[in-house]
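I have placed the structure first, in the form of structure tokens, so that the comments after it can refer back to it.
The values are calculated or read from the model by the stated rules, or taken from the named source; none is laboratory data. Please read these numbers as outputs of a predicted model, since none were measured by experiment. Counting neighbours? That spans all protein chains shown, and the Cβs are built from the backbone with ideal geometry, glycine included. In case anyone asks, the SASA skips ligands and DNA or RNA and just uses the protein heavy atoms, side chains included. Shrake-Rupley method; radii C 1.70, N 1.55, O 1.52, S 1.80 Å.
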Amino acid sequence: MKLLLIGYGNVGKAFRRLLHEKRDSYPILQNVEIAGILTRQGLMVGDKENFSPDKQITVLEAIDFINPDVIVDMSAPNYKDGEPSVSAYIKALSRKIHVITVNKAPLALKFREIFEVAERTGAKIGFQGTVMSGTPSINLFRIQPVAEVSRIRGILNGTTNYILTRIYEGLSFNEALKEAKEKGYAEEDPTLDLNGFDAAAKLTILSNFIMNRSIRLGEFKFKGITEISNEEIRRAKSEGKKIKLIAYADNYIIQVSPQIIGPQDPLYYIDGVENALEIQNEIQRIIIRGPGAGPANAAYGALTDLVLLLEGCL
Ligand code: 80F
């Protein structure tokens, strides 16, 4: 099985490392090969750790040139129009090439259009890494096939939760952001984390997938953490509370906004890079928590999708 990787930054490199590590012990991965890696610098043919481009070609040309079985998109998100990933997915899926992605923008902007092509051809889309990285959220729902989800509520961005936690612990905003960047949690453009875009994109994908909605990013209001002052965080602390960036969707409301919450709320205990998600369906309330960002976690989400694809479970 031939893979074409798109994007070779923090997550791309972690994915390659993880695939090499796991290939020795998991026979199902033994026939998987990275046939090419594409970045903004061009295409490198084959599988080498140090990137150096062999050809200057576009993503669409790289699909023709490599003719992969799966494209694995680990490129930076483009929230203007999702390109070039949207066109790459449509081209790949229409040729029955599967797509695994950790890039949220294409699915947050064109979820239904992309899935329609996949449904027509039978190609599969794995996107666990788009929401809560390697902590099962999207893939948890794959084993809850008849659940009717009426409400989701969670903390879905690792960077902002990390920053809010570190300010609560006494750091300045800039110190906290610097740490989040150093740990590889932040987006290439960290304003996407700070202004709520990333959390809103994840909420859009989740709502479309597990609540069967047809929402596009931009159709609902979202706020990030840029307007919260350190004083507000410390005042909440003195009252025994915390400020958290909460994503919420039910059948009427969908929003991302900072909220002051107390110890009676399970999300109060979600600190640092940890994320959490409460899912209410007709018979259960499920809460999952785990790391929401970090290159190894996002890479793990993508590798999980690859194994599920190989096992016929996507
Ligand atoms: P990084 O900036 O390290 O690498 C981006 C790569 O994309 C580069 O190789 C660049 O050349 C390539 N690229 C950009 N545009 C391209 C194009 N048009 N064609 C080809 N290549 C292109 O970024 P990361 O950190 O490796 O992230 C990669 C993707 O993973 C992004 O879509 C992220 O949104 C996604 N992701 C990252 C996560 C992380 O922890 C986590 C899950 C998904 O919750 C949070 O705090 C979130 N900020 C992180 S969630 N790094």
Q) Roughly what angle does helix 85-94 make with the longest principal axis of the chain, taking Cα atoms, 0 to 90 degrees, to the nearest 10? A) 50 degrees
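Within the chain, what percent of beta bridges assigned by DSSP are antiparallel, to the nearest 5?
Counting DSSP beta bridges with both partners in the chain, the antiparallel share is about 65 percent.
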Q.
Cβ neighbours within 10 Å, averaged per peptide: list 89-99, 254-264 in order, most packed at the top.
A. 89-99, 254-264
Q: Considering only Asp73, Asp271, Asp47, give the residue with the highest GNM mean-square fluctuation for the chain, with springs between Cα atoms whenever their separation is below 10 Å.
A: Asp47
Q. Going down the table (Lys110/Lys242; Lys80/Lys124; Lys91/Lys244; Lys22/Lys55), which pairs top 31 Å between alpha carbons?
A. Lys110/Lys242; Lys91/Lys244
(Q) Give me the 1.4 Å probe accessible area per residue for the chain, excluding ligands and nucleic acids, in Å². (A) 43 Å²
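What does the highest-first list of 110-116, 189-195 look like by mean Cβ count within 10 Å?
So the order, starting with the most tightly packed, is 189-195, 110-116.
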Q. How much length, in nm to one decimal, is gained on full extension between Glu175 and Glu33, taken as 0.36 nm per residue of separation minus their Cα-Cα distance?
A. 47.1 nm
Q: Under a 10 Å cutoff between Cα atoms, tell me which one of Arg151, Arg16, Arg235 has the largest fluctuation in the Gaussian network model of the chain.
A: Arg235
Q) One-quarter of the Cα convex hull surface for the chain, in nm²? A) 15.8 nm²
Q: First check a/c for segment 158-261, with a ≥ b ≥ c the square roots of the eigenvalues of its C-alpha gyration tensor; if it is under 1.5, answer rounded, and if not, answer prolate when a/b is larger than b/c or oblate otherwise.
A: oblate
(Q) How large a share of the accessible area of the chain, in percent, is made up of carbon and sulfur atoms when the probe is 1.4 Å and the other protein chains stay in place? (A) 49 percent
Q) So which GluC sites (Glu not before Pro) in segment 171-216 end up in coil per DSSP with only 14 or fewer other C-beta atoms within 10 Å? A) Glu188
